[in-house]
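Asker: Structure below; questions to follow.
The values are calculated or read from the model by the stated rules, or taken from the named source; none is laboratory data. Keep in mind the model is a prediction, meaning the values are calculated, not measured. When we count neighbours, we look across all protein chains shown, and the Cβ atoms used for this are built from the backbone with ideal geometry, even at glycine. All accessible areas refer to the heavy atoms of the entire protein, side chains included, with ligands and DNA or RNA removed. Shrake-Rupley method; radii C 1.70, N 1.55, O 1.52, S 1.80 Å.
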Amino acid sequence: MKVIRTIKEMQQIRRDERLKTIGFVPTMGYLHEGHTSLMKKATAENDLVVASIFVNPLQFGPSEDFETYPRDEQRDQQIAKENGVDILFLPNVQEMYPDELKVNLSIKERANVLCGATRDGHFDGVITVLTKLFNIVQPEVAYFGLKDAQQVAVVAALINDVNFPIVLSAEPTIREADGLAKSSRNVYLSTDERAEAKHLYKALLHGLNIFINEQQDNDTLIQSVRKYLSKYTSGVIDYVDFLSYPELKPVTNKSERMILAIAVKYKQARLIDNVIFNRSGDIIETIKF
Ligand code: PAF
């Protein structure tokens with residue numbers, strides 16, 4: 001595995017390897033099975049796998065955890081190497097943002113709900129860094145986890161709107177044995193919080209069960225999930241929402257795919273999770289855009 005820290009070197013590799021298909025896994029590091037499953041998929045489907053690790057300051061709000069976001073470069077390099085990554089792109093902030101940006105990228109739809117409703121500018125930061133990374137790496141396929149389903153919807157819009165010649169492969173959420181979605185931020189949970197965090201996924205399945213078995217309106221379904229979360233977790237509910245996917249608009253009887261999504265704030269970690277399903281209630285775990 002080659003470790004590359006400059007954009008120039010990465011671009012040179014892309015020129016040298018122009019006949020190869022590149023599968024790209026962009027990350028912010030502190031790698032876990034959610035990331036390694038993407039790396040393995042990329043390895044199986046492409047000639048060359050590029051992963052990036054860059055904690056992108058642009059997507060953190062002033063009161064968010066940019067400074068304290070977990071980082072462990074040595075460990076990440078080892079994990080990337082063991083999981084089929086050929087090239088690990090590790091730029092620093094100066095390399096990615098040497099000057100103030102003169103171009104503003106801003107997402108118009110899909111960002112004013114769920115996490116975007118309270119994380120002002122977050123998805124603008126995400127599409128800005130990904131536009132840069134897509135142009136630098138020039139992959140055929142980019143791999144993302146559906147745990148960050150709103151991010152997937154936003155990136156699908158970016159790729160489509162500006163015609164990046166990239167397939168977005170959205171992959172299953174990887175879970176702990178008790179159902180908790182794997183996340184770099186799980187390390188912030190106290191022992192008690194970790195014990196009850198399994199109820200986030202259970203709350204989603206409770207909601208899905210209501211969707212399948214009871215003819216409830218959207219608000220009643222949302223309220224039932226809220227009730228479940230309040231009963232079984234001490235975290236503060238940030239949102240529970242039920243929307244069409246990937247449009248992230250209110251569900252109607254024409255919506256083919258829907259997302260039930262939640263965010264719960266614990267003392268030092270804000271956890272998100274979701275289930276995406278069709279009208280029959282079948283869970284959708286992978287989507288190609
Ligand atoms: O999901 C993440 O880790 C980040 O939002 C991403 C896609 C690497 C952009 O910084």
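Asker: Normalised by the number of residues in the stretch 185-289, what is the relative contact order in percent for Cα pairs under 8 Å and 6+ residues apart?
Answerer: Details: 160 pairs, mean separation 27.6, N = 105.
Relative contact order for the stretch 185-289 comes out at 26 percent.
Asker: Where is the GNM fluctuation largest for the chain (alpha-carbon springs, 10 angstrom cutoff): Asp148, Asp241, Asp217?
Answerer: Asp217
Asker: State the antiparallel share, in %, of DSSP beta bridges confined to the chain, rounding to the nearest 5. Before the final figure, lay out the partial values.
Answerer: Values: 22 of 41 bridges.
Here the share of antiparallel DSSP bridges comes out near 55 percent.
Asker: Quote the relative contact order of the chain in percent (integer), defining contacts as alpha-carbon pairs under 8 Å separated by 6+ residues. Write down the numbers at each step before the final one.
Answerer: Working: 506 pairs, mean separation 50.1, N = 289.
RCO, the chain: 17 percent.
Asker: A further question follows. Longest segment of the chain with no GluC sites (Glu not before Pro) in a DSSP loop having at most 16 other Cβ atoms within 10 Å? Spell out each step's value before the answer.
Answerer: Values: sites that count: Glu17, Glu64, Glu67, Glu100, Glu109, Glu140, Glu176, Glu214, Glu247, Glu256, Glu285.
Segment 18-63 is the longest.
Asker: Report, to one decimal in Å, the Kirkwood hydrodynamic radius for the stretch 80-158 based on all distinct Cα pairs.
Answerer: Numbers: mean 1/r = 0.0701 Å⁻¹.
Over the stretch 80-158, the inverse of the mean reciprocal pair distance is 14.3 Å.
Asker: With an 8 Å cut-off on Cα pairs and a minimum separation of 6 or more residues, tell me the relative contact order of the stretch 2-86 in percent.
Answerer: Taking the mean separation of contacting Cα pairs over the length of the stretch 2-86, I get 35 percent.
Asker: How many times 2.2 N^0.38 Å is the alpha carbon radius of gyration of the stretch 130-289?
Answerer: 1.09
Asker: At q = 0.16, 0.27 Å⁻¹, what base-10 log of I(q)/I(0) does the Debye formula yield for the stretch 224-271 when every alpha carbon is treated as an equal point scatterer in vacuo?
Answerer: Relative scattering, expressed as log10 I(q)/I(0), comes to -0.52, -0.92.
Asker: Oh, and also: When you take every Cα atom in the chain, what is the radius of gyration, and what is Dmax, the widest Cα pair distance, in Å?
Answerer: 19.0, 58
Asker: Now for a separate question. Could you please state how large a percent of the accessible area of the chain is carbon and sulfur, counting protein chains only and using a 1.4 Å probe? Display every interim value, and only then the final one.
Answerer: Numbers: 6750 of 14190 Å².
Of all accessible area on the chain, carbon and sulfur atoms account for 48 percent.
Asker: Now for a separate question. With every protein chain left in place, what is the accessible area per residue of the chain in square angstrom, probe 1.4 Å?
Answerer: On the way: 14190 Å² over 289 residues.
Result: 49 Å² of accessible area for each residue.
Asker: So which residue, out of Ala197, Ala42, Ala117, gets the largest mean-square fluctuation from a GNM of the chain using Cα contacts under 10 Å as springs?
Answerer: Ala117
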